[in-house]
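Worksheet: the structure to be examined is printed underneath.
The values are calculated or read from the model by the stated rules, or taken from the named source; none is laboratory data. Note that the structure is predicted; figures quoted are calculated from it, not measured. Counting neighbours? That spans all protein chains shown, and the Cβs are built from the backbone with ideal geometry, glycine included.
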Amino acid sequence: MKAVWYMESPLGELTLQEEDGALTHLLFGRREPQGVKKEETPLLKEAQKQLKEYFAGKRQAFDLPLKPAGTPFQQRVWAALLTIPYGETRTYQQIAEAAGSPRAFRAAGMANHNNPISILIPCHRVIGKDGSLTGYGGGLGAKKFLLELESRNG
C-alpha cells in the first residue's frame, strides 16, 4: 500500500510518503502524488514524531525504514550520505569517494539533488569543496537552517 501524509515543520509543510512499510519520500512542500492514499499510517506518525524531535534538537539519528528508489550509483551515494555524522559536513568529492567513484563528484552532486528522502537521508550535510553552501531542494535557507540546528545541538 502507498500512503501520503503532510506535516508542518520549521521549514514549512513537508510531504511524507510510504510504500509497504518503508518511507519512500520526504519532500519540501505539499505534493499530491497520483494513486497514493492520504492516510496517517503508524509509520508516517512515527516519522512525524521523530522529525519533531529532530527539529526540537532532541534527536540526532532517525530510526525509520527507508526505501528510496534510484539507480545503483544513486543508492551508493545515498548510503554514503547516511554515514555523515550529525553536525558534520562532507564535500561532494568525499561523497563520490565514499560511493566508490572518486572522480564522479558531479554525478554524486546530481544523486544528492535527486535524493527523495530529504533530511532523513542528510543531503543537507554536503557542501562545496570551498566550504560554501550549494544547491538544496528545500532552498539554501533550509540547508542553512538544518546545518545551524545541528551545530547548536551537536
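If the condition is being in a loop (DSSP other than H, G, I, E, B) and within 17 Å of Leu146 (Cβ to Cβ), then segment 1-14 contributes Pro10, Leu11. As for segment 30-45, it holds no residue that is closer than 17 Å to Pro122 by Cβ, modelled with pLDDT of 95 or more, surrounded by 16 or more Cβ atoms within 10 Å (Cβ to Cβ) and not basic (Lys, Arg). In segment 114-129, of all residues being in contact with a Ser or Thr (Cβ under 6 Å, 6 or more places away or on another chain) and outside any helix (DSSP H, G or I), the one that is surrounded by the most Cβ atoms within 10 Å (Cβ to Cβ) corresponds to Ile127. Set side by side, the residues Gln17, Gln74, Gln60 differ, and just one is within 22 Å of Gly139 (Cα to Cα), part of a strand (DSSP E or B) and within 15 Å of the chain's Cα centre (by Cα), which is Gln17.
Kindly check whether there is at least one residue in segment 98-108 that is among the aromatic types (Phe, Trp, Tyr) and without any contact (Cβ under 8 Å) to a residue 24 or more places away in the chain.
The answer is yes, given that some residue of segment 98-108 is among the aromatic types (Phe, Trp, Tyr) and without any contact (Cβ under 8 Å) to a residue 24 or more places away in the chain.
Scan segment 135-154 for residues that are without any contact (Cβ under 8 Å) to a residue 40 or more places away in the chain and outside any helix (DSSP H, G or I) and the total you get is 2.
Considering only residues that are among the hydrophobic types (A, V, I, L, M, F, W, C) and closer than 17 Å to Gly12 by Cα, look in segment 130-148 and name the one that is surrounded by the most Cβ atoms within 10 Å (Cβ to Cβ). Only one residue fits best here, namely Leu146. So, Leu44, is that one outside any strand (DSSP E or B) and not assigned by TED's automatic domain parsing to the domain that holds Tyr136 or not? Taking the combined requirement at face value, the residue satisfies it.
Name the one entry in Ala111, Ala80 that is under 22 Å from Glu150 (Cβ atoms), part of a helix (DSSP H, G or I) and touching a residue at least 40 places away in the same chain (Cβ under 8 Å). Spell out the reasoning first.
Numbers: Ala80 fails: touching a residue at least 40 places away in the same chain (Cβ under 8 Å).
From the options Ala111, Ala80, the qualifying one is Ala111.
Scanning segment 37-90 for residues that are touching a helix residue (DSSP H, G or I) at 6+ places or on another chain (Cβ under 9 Å) and of a type in the set (Asp, Glu) yields Glu40, Asp63, Glu88.
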